[in-house]
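Below: one structure, written as structure tokens.
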Amino acid sequence: MDNFKTLKAKLNTQGYRLTPQRQLIFEIFQTLPTGNHLNAESVHLLLFERGEVMSLSTVYRNLKIMANIGIIREVELAQAQKHYEPKTISIHHHHIVCIQCHQIIEFENKSIIQQGLKQVETMGLQLIDCKFTLQTICPEALQRGCPTISSNWVCPRFLKTDKPKSSNHQQLH
Ligand SMILES: [Zn+2]
Ligand SMILES: [Zn+2]
């Protein structure tokens, strides 16, 4: 329950209350398997599966607030929608995404931040976070003739691996 105390304290210092909705969203991220990234729709769906009814706009609003306060981390991936991951992950955690199938490969690299930090420090700024995303095309999509490829094509990699729910969420509809 210590986690809820931290959550409450972080919200309160920024003038927000710990509402049941924020607590539920926080729980989703606490139990999220490593390597998963959620957008507002997938958070909405996971809440629904737990029997919690929350409007999509409430989810959007609270994700934004929780990211601003530093409870979760907002990341730009291949899709236009924002994705979120737990804030507990390392600042050296970065992403490689395929622009065709939206798969996400995570990697750690310390030299990226070391370069950035030099620049930031000489300017007297305080570093908050470092987000680095490499946009790529996977070999499977290249082989299929990307970029002239049907939009409902599903990368064979998804068929044999256990995919996080959110990343190819859009393609399932
Ligand atoms: Zn791909
Ligand atoms: Zn990540």
If a residue must be over 22 Å from the mean Cα position of the chain (by Cα) and among the hydrophobic types (A, V, I, L, M, F, W, C), how many such residues does the stretch 2-17 contain?
1
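Residue by residue, here is whether (1) under 30 Å from Thr136 (Cα atoms); (2) without any contact (Cβ under 8 Å) to a residue 24 or more places away in the chain; (3) among the hydrophobic types (A, V, I, L, M, F, W, C) holds:
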{"position": "Asn3", "(1), (2), (3)": "no, no, no"}
{"position": "Ala9", "(1), (2), (3)": "no, yes, yes"}
{"position": "Gly15", "(1), (2), (3)": "no, yes, no"}
{"position": "Arg22", "(1), (2), (3)": "no, no, no"}
{"position": "Glu41", "(1), (2), (3)": "yes, no, no"}
Find all pairs meeting these conditions: Cβ atoms under 8 angstrom apart; at least six residues apart or on different chains; first residue within the stretch 67-85 and in contact (Cβ under 8 Å) with a residue 40 or more places away in the chain and in a loop (DSSP other than H, G, I, E, B); second residue hydroxyl-bearing (Ser, Thr, Tyr) and surrounded by fewer than 17 Cβ atoms within 10 Å (Cβ to Cβ).
Glu76/Thr133; Leu77/Thr133
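Can you tell me which residue in the stretch 60-113 is nearest to Glu140 (Cα to Cα), limited to those that are of a type in the set (Val, Ile, Thr) and over 14 Å from the mean Cα position of the chain (by Cα)?
Ile99
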Number of positions in the stretch 101-152 that are within 16 Å of ligand 2 (Cβ to nearest atom) and either closer than 24 Å to Leu38 by Cα or aromatic (Phe, Trp, Tyr) (or both):
16
Selection count, the stretch 103-119, where residues are within 14 Å of ligand 1 (Cβ to nearest atom) and not in a loop (DSSP other than H, G, I, E, B):
2
Just checking, does the stretch 47-54 include any residue being within 16 Å of ligand 1 (Cβ to nearest atom) and assigned to a loop (DSSP other than H, G, I, E, B)?
no
Criterion first (surrounded by fewer than 17 Cβ atoms within 10 Å (Cβ to Cβ) and either under 23 Å from Asn152 (Cα atoms) or away from ligand 1 (no atom under 16 Å from the Cβ) (or both)) does Gln100 satisfy it?
no
Hey, Leu38 hits all of (1) within 16 Å of ligand 2 (Cβ to nearest atom); (2) farther than 20 Å from Ile89 by Cα but one; which does it fall short on?
(2)
Considering only residues that are surrounded by fewer than 21 Cβ atoms within 10 Å (Cβ to Cβ) and under 10 Å from His37 (Cα atoms), look in the stretch 78-88 and name the one that is farthest from ligand 2 (Cβ to nearest atom).
Lys82
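Residues are listed down the side, and each one gets a yes or a no for (1) β-branched (Val, Ile, Thr); (2) modelled with pLDDT under 95:
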position	(1), (2)
Leu46	no, no
Ser57	no, no
Arg61	no, no
Ile71	yes, yes
Val75	yes, yes
Lys110	no, yes
Val120	yes, yes
Thr133	yes, yes
Gln143	no, yes
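The values are calculated or read from the model by the stated rules, or taken from the named source; none is laboratory data. Source: prediction; values computed, not measured. Because the Cβ atoms are built from the backbone with ideal geometry, glycine has one as well, and the counts that use them run over all protein chains shown.
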